[in-house]
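**Student:** Okay, here's the structure, questions in a sec.
FYI, it's all coordinate maths here, none of it is from the lab. Note that the structure is predicted; figures quoted are calculated from it, not measured. Here the Cβ is made from the backbone with ideal geometry for all residues, glycine too, and neighbour counts use every protein chain on show.
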Amino acid sequence: MRMRRAALAVAVVAGGLMPAAPAQARAFTCPDKQAVAAQVSKAQPYEDKMFAPDRLAPFATGAGVRVAVIDSGVDADHPQLRGQVDSGRDFLHGNPDGRQDCVGHGTGVASIIAARHVDSAGLRGLAPDATIVPVRVSEQTDTERPGGSDPVDPGRFADAIDWAASPSGGNADVINMSLVMTDPSDQVRSAVERAAERGVVIVAAAGNRGGADAGNPTPFPASYPGVIGVGAIDAGGARAGFSQRGDYVDVMAPGVDITVAARRGGHTSAQGTSYAAPFVSATAALVKQRFPTATPAQVARRILATTDPAPGGARSDEYGFGVLNPYRALTETLGPEKPAAPAPKVVVTDDPAAVALKARRARAQDLSLMVAAAGAGAMVLVIMLAAALRHGRRRGWRPPTPPPPGGG
């Protein structure tokens with residue numbers, strides 16, 4: 001499918017790229033289209049050593065699973081993403097093709113999910129056979145715009161989620177959202193609910209404002225029901241200082257000094273819960289391939305039930321249920337989803353007073369039977385004694401005469 005780009009001028013506001021009013025005169029392209037590619041990193045990233053994609057491959061590679069990356073677009077020309085990226089859609093510029101990324105954020109996220117192995121690079125995606133569906137909505141990251149507004153318009157965000165989940169749109173099995181809003185939106189919440197009803201697994205970053213002076217605001221859509229909220233840990237397994245805390249944190253994944261694909265080629269280092277979320281989205285893609293009939297709730301349960309222990313214990317606002325373990329998510333046998341039904345209890349519906357009266361009557365009846373038996377026994381004893389007395393009088397109280405010898 002040919003790439004079509006709509007026109008849009010870009011204004012630089014307070015050091016950030018902000019979209020200006022649409023200009024239909026010419027097709028929009030990134031201002032530095034001819035930028036030089038970054039250097040290729042040949043070193044194996046610590047996150048690659050941690051999750052060992054080669055160990056996962058015999059069980060699943062993400063083949064046949066579509067992962068929508070709602071972000072800044074994806075550079076489909078990166079050597080490790082070439083052939084992995086569907087056309088997607090550009091809601092930022094009104095373009096039906098999302099395969100362009102002017103800031104590199106979406107490209108880095110997509111590479112964690114689906115970067116193919118090449119001999120010259122250490123980076124490898126966890127689900128290298130998954131299809132990336134780029135849905136372009138913002139050129140901000142998971143921080144606020146200048147002036148305090150959210151990085152993406154809620155209406156545009158909701159439309160992107162609906163399109164990604166629609167069978168006639170992105171037809172996604174998994175949606176990764178590494179953008180964070182700090183204000184709730186009924187539009188976005190409803191779109192998330194509709195996506196979940198369509199059987200889509202939804203993963204979102206928990207946000208990067210968890211520092212002592214950052215306010216730790218409630219992040220959306222990570223805090224909405226049905227969304228797997230992802231926080232960030234460092235190479236040592238400790239929660240990153242920027243990673244937000246709350247009951248919306250479900251699972252932790254690496255988010256500090258992460259090696260990702262850079263736009264135009266090569267690699268760069270990045271950090272944030274933005275880059276922790278795609279590790280979980282990639283795991284969800286693997287689980288969907290291995291267990292194709294699993295519902296979003298069942299996929300989430302498998303991911304959360306197979307986490308590795310974290311300092312916060314079984315469940316905490318800092319670490320959620322623990323640290324992501326894709327291998328366990330693919331291989332472990334889980335217990336029943338619902339606990340066994342308890343044994344039925346005997347419920348007494350009789351009136352307590354009636355029950356007590358019945359018990360007293362039963363005891364009285366038992367006592368009467370005992371008295372009657374004792375009386376009968378005494379009467380038999382008296383009759384036997386009387387018979388013995390009569391017999392003794394008749395013999396004159398002499399002992400009975402023994403029979404003569406020989407029986408004669």
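**Student:** How do 186, 97, 247 line up, fewest other C-beta atoms within 10 Å first?
**Tutor:** Fewest to most other Cβ atoms nearby, the residues stand as 186, 247, 97.
**Student:** Something else about it: If you place +1 on the Cβ of every Lys and Arg and -1 on the Cβ of every Asp and Glu, how big does the dipole about the Cα centre of region 44-331 come out, in debye to the nearest 20?
**Tutor:** That gives a dipole near 720 debye.
**Student:** Still on this structure, I have one more. By per-residue mean of other Cβ atoms within 10 Å, what is the highest-first order of 195-204, 371-380?
**Tutor:** Output ranking for 195-204, 371-380: 195-204, 371-380.
**Student:** Report the net charge of residues surrounding residue 330, where surrounding means a beta-carbon distance below 9 angstrom and charges are Lys +1, Arg +1, Asp -1, Glu -1.
**Tutor:** +2
**Student:** When Lys and Arg each count +1 and Asp and Glu each count -1, what net charge do the other residues less than 10 Å away from residue 294, Cβ to Cβ, add up to?
**Tutor:** +4
**Student:** If you don't mind, there's one more thing I want to ask. When 361, 124, 290, 301 are ordered from fewest to most other Cβ atoms inside 10 Å of their Cβ, what list results?
**Tutor:** Fewest to most other Cβ atoms nearby, the residues stand as 361, 301, 290, 124.
**Student:** What's the FRET efficiency of residue 333 with residue 183 using the Cβ-Cβ distance as r and R₀ = 25 Å, to the nearest 0.05? The partial results should precede the final answer.
**Tutor:** Values: r = 42 Å, r/R0 = 1.68.
In this case the efficiency is close to 0.05.
**Student:** Calculate one ³J(HN,Hα) per residue across region 194-203 by plugging θ = phi - 60° into the Karplus curve 6.51 cos²θ - 1.76 cosθ + 1.60, and present them in order as whole Hz with x for glycine and proline.
**Tutor:** 5, 5, 4, 5, 7, x, 8, 7, 10, 10
**Student:** Here is a follow-up. In what order do 279, 59, 242, 51 fall by count of nearby beta-carbon atoms within 10 Å, going from fewest to most?
**Tutor:** 59, 242, 51, 279
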